Amino acid sequence: DYTVARHPTSFPYVPGFLSFREAPAVLEALAQLRVRPSLLICDGQGIAHPRRFGIASHVGLLADLPSIGCAKSLLTGRHAPLPDERGATVPLLNRGEQIGVALRSRAGTKPLYVSPGHRVGMESAVRFVMACLTKYRLPETTRAADGLASHGRVPQISNQRQFGEEL
């Protein structure tokens, strides 16, 4: 299922406060779905956030859904060098605490930053994101949502499967 919710932004873009800008539209879209999702993969941070509460944590809590943050850029923390092979991971650390994982989704591309949002563990978060990867850097869920929201392209899922089956 898919839907689009257009919501006027009343909060400026401020790094670390994305959920205050985007969560109202996300929650409105979730309310319009005919099929309630069993998991959210958000294009943003989960606990890999300065306050350990990024958009994935915020929306997951408010929607009462398990959620994962899968961000394209690093907001906080550090990690060791990441091997340049698909599926390589290294812990993302901040002040001695693991807050996520740097994940190489495709050789020769920048890493993704995966972190638990709400009711999902670290290892499960990485497994779910890996299950949503194809030949592109970003999970298919993110690519489909971006295509719909930005360009009006209806998501086409060529290989429909239950992602939880192989996990």
Quiz item: So how many residues does the range 28-52 have that are in contact with a helix residue (DSSP H, G or I) (Cβ under 8 Å, 6 or more places away or on another chain) and crowded, with 16+ Cβ neighbours inside 10 Å?
Solution: 11
Quiz prompt | Every residue from the range 90-129 that is free of Cβ contacts under 8 Å to residues at least 40 places away in the same chain and either under 16 Å from the mean Cα position of the chain (by Cα) or surrounded by 23 or more Cβ atoms within 10 Å (Cβ to Cβ) (or both) | solution = 101, 102, 103, 104, 105, 110, 111, 121, 122, 123, 126
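Values in this text are rule-based calculations from the coordinates and carry no lab data. Not measured: the values here are computed from a predicted model. So basically every Cβ, Gly included, is an ideal-geometry build from the backbone, and we count neighbours across all protein chains shown.
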